[in-house]
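Single-structure report; data block below.
FYI, it's all coordinate maths here, none of it is from the lab. In this text, all values refer to a predicted model and were calculated from it rather than measured experimentally. Every residue, glycine as well, gets a Cβ built from its backbone with ideal geometry; the counts of neighbours run over all protein chains shown.
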Amino acid sequence: MQLIYLSVWDLMLAAGLILLLATLSWRLRLGVERRVLIAALRSSIQLMLIGLVLEQLFAQTHLLLIGLIALVMLLVAGWEVLSRQKRRYYGFWGYGIGALSLFISSFSVTLLTLVVIIGVKPWYQPQYLIPLLGMMLGNTMSGVAIALDQLTRQAWDARGRIEARLLLGGTWDEAITDIRRDALRSGLIPIVNAMAAAGLVSLPGMMTGQILAGSPPLEAAKYQLLIMFLVSGATGLGAVAAVWIGSNRLFDERQRLRLDRLAPPPRME
Amino acid sequence: MARLRLEGLSTVMLRNIHLTLEPSERLFLSGVSGSGKSLLLRAIADLDPHQGEVWLDDRPRSRLPPPEWRRRVGLLPTESHWWAETVGEHWPASVTVPELERLLGILGFEADVRGWSIARLSTGERQRLALARLLLNRPQALLLDEVTANLDLVNRERVEAVLEEYRTTHHAAVLWVSHDLEQRTRLGGRRLVIHDGGLEPESCN
């Protein structure tokens with residue numbers, strides 16, 4: 001197994017493609033060139049920095065430090081979920097629902113993986129914990145964000161229908177059940193599709209990376225499967241948690257639909 | 001039969017509303033649009049946060065679970081909303097066939113309406129079926145919000161007839177928001193106007 005090291009020059013060539021994309025956007029007046037460049041720059045800085053940090057981090061196993069990093073990852077993922085909502089909950093819950101669901105799902109699945117499946121000792125060995133948690137958070141984040149966004153959007157649009165059910169003596173649970181189901185389904189579809197198409201349409205990113213880095217393809221496939229199952233499980237758990245907490249917050253103790261707990265949509269660029 | 005009593009109802013638009021409706025009483029409520037008529041009905045049915053208490057006889061609303069309360073004070077909005085595919089799916093499970101057929105008959109429907117698709121109903125059909133759906137719950141009071149505003153003459157008369165019959169046979173108090181002066185004078189009863197967040201007698205002119 002040999003590792004082919006990438007030189008700065010190799011990366012520069014790849015970055016040239018981004019410049020090409022930006023030029024294309026500028027010539028065709030797509031108006032996304034600024035965003036493309038900023039995103040490319042952001043990802044370069046972020047990934048390089050995290051690479052440096054991880055090298056330092058992997059060299060030691062200080063539980064407190066690793067916990068701190070995991071916390072930062074969770075907080076950032078929480079913001080990411082929040083920023084993808086059209087109608088956010090006012091106050092703490094706007095951020096809290098996303099972060100809490102991410103915490104419940106990603107952390108528990110990561111822990112299960114480290115302790116039971118991979119069996120790393122100590123379980124918080126950063127070389128395993130940090131990438132795994134990152135993978136879980138990154139994927140769960142999309143599922144949670146989509147499910148929650150669908151829940152609040154649909155509840156907003158279906159106010160008449162929800163209240164009609166309440167007025168006829170339905171409980172809040174009955175009144176929101178269709179919408180909750182739809183929201184959950186939307187949150188799960190991307191990951192289910194990804195599982196179904198894996199290996200046929202494209203090789204998943206992690207497996208590609210492993211193969212490029214020199215792993216035997218079968219070993220890479222096994223790891224990819226493991227990750228996919230874990231990610232699906234965590235996404236499902238996260239989406240269920242988010243939709244459950246979210247739909248609870250849409251009603252008050254007198255089972256009134258409280259759309260006034262949702263903020264008006266932020267202006268999109 | 002039940003007496004409906006509002007005690008100090010206040011919302012953003014309404015200030016400290018006190019009102020009592022005797023069993024079988026019909027009370028018409030009017031007022032310029034945006035004066036809070038619908039808000040008052042919504043507050044009674046406990047759909048929006050507000051202050052105050054509502055009683056059906058000696059039972060305060062706060063002592064009943066909200067679904068139970070809402071079944072007892074039947075609120076019929078101007079526009080009906082439906083959540084399932086067919087009409088029959090919206091009827092309460094407890095309904096008996098003779099009761100259903102009798103009610104549908106007065107409203108001008110055959111029994112096969114059960115399988116009709118909601119998407120294909122006309123406005124008039126929707127409103128009449130929404131009324132049927134509401135009355136099958138056997139509410140003790142009725143809160144009507146411009147329920148005949150979108151109906152033609154024939155349908156309006158049918159709806160009025162059913163409501164009158166229900167009111168007299170079940171001794172239900174009826175709080176009826178109506179823009180229609182002709183309707184208010186023709187059917188008669190107490191008439192109030194919402195003005196400036198409070199209730200006033202409708203001036204007879």
For segment A:7-59, with only Lys/Arg (+1) and Asp/Glu (-1) charged at the beta-carbon, what is the dipole magnitude about the Cα centre, in debye rounded to 20? 380 debye
Calculate the length of the line joining the C-alpha centroid of segment B:100-137 to that of segment A:71-107, in whole Å. 45 Å
Please work out, to two decimal places, the log10 of the ratio I(q)/I(0) at q = 0.12, 0.17, 0.18, 0.22 Å⁻¹ from a Debye calculation in which every Cα of segment A:29-162 carries one identical scatterer. -0.60, -1.00, -1.06, -1.27
For chain B, projected area of the alpha-carbon convex hull averaged over all directions, nm²: 11.3 nm²
For the protein assembly as shown, percent of DSSP beta bridges that are antiparallel (nearest 5) comes out at 50 percent
Chain A: longest segment with zero exposed trypsin sites (Lys or Arg not before Pro), where exposed means DSSP loop plus at most 12 other C-beta atoms within 10 Å, is residues A:30-266
Cα coordinate range in segment A:120-269, projected on the principal axes (Å, largest first): 63, 37, 34
Helix A:126-157 sits at what angle to the longest principal axis of chain A, using alpha carbons and giving 0 to 90 degrees rounded to 10? 30 degrees
Angle, helix A:63-83 long axis vs. longest principal axis of chain A, Cα atoms, 0 to 90°, nearest 10? 50 degrees
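Which shape class applies to segment A:27-87: rounded if a/c is under 1.5, otherwise prolate when a/b exceeds b/c and oblate if not, where a ≥ b ≥ c are the square roots of the Cα gyration tensor eigenvalues?
Details: a/c = 7.35, a/b = 1.68, b/c = 4.37.
Taking the square roots of the gyration eigenvalues as a ≥ b ≥ c, segment A:27-87 is oblate.
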Taking residue A:86 as the anchor, which aspartates and glutamates have their alpha carbon closer than 16 Å to its alpha carbon, excluding any fewer than eight residues away along the same chain? A:149, A:157, A:260, A:269
Apply the Debye scattering formula to segment A:7-59, with a single equal point scatterer on each alpha-carbon and no solvent, then give log10 I(q)/I(0) at q = 0.18, 0.19, 0.31 Å⁻¹. -0.67, -0.71, -1.10
Radius of gyration and Dmax over the Cα atoms of chain A, both given in Å: 21.4, 69
Given the C-alpha centroids of segment B:153-205 and segment A:136-171, what is the distance between them in whole angstrom? 37 Å
Rank the residues A:182, B:57 as a footprinting-exposure proxy: fewest other Cβ atoms within 10 Å of their Cβ go first. B:57, A:182
Long-range Cα-Cα pairs in the protein assembly as shown (distance over 37 Å), rounded percent: 46 percent
Where the centroid of each part is defined by its Cα atoms, how far is segment A:1-68 from segment A:192-217 in Å? 20 Å
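Please go through segment B:63-170 and write out the GluC sites (Glu not before Pro) that DSSP classes as loop and that have at most 10 other C-beta atoms within 10 Å. Don't jump to the answer; show the numbers that get you there.
Details: sites: B:68, B:79, B:85, B:89, B:99, B:101, B:110, B:125, B:146, B:157, B:160, B:164, B:165; in loops: B:79, B:85, B:110, B:146.
Qualifying residues, ordered by number: B:110.
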May I ask you to sort B:169, A:177, B:148 by Cβ crowding, counting other Cβ atoms within 10 Å and putting the fewest first? B:169, A:177, B:148
Diffusion constant of segment B:1-68 at 4 °C, which comes from Stokes-Einstein with the Kirkwood Cα-pair radius and 1.567 mPa s, µm²/s: 103 µm²/s
Kindly express, to the nearest 10 degrees and within the range 0 to 90, the angle between helix B:97-106's C-alpha long axis and the longest C-alpha principal axis of chain B. 70 degrees
Taking the DSSP beta bridges in chain B as the whole, what percent of them are antiparallel, to the nearest 5? 50 percent
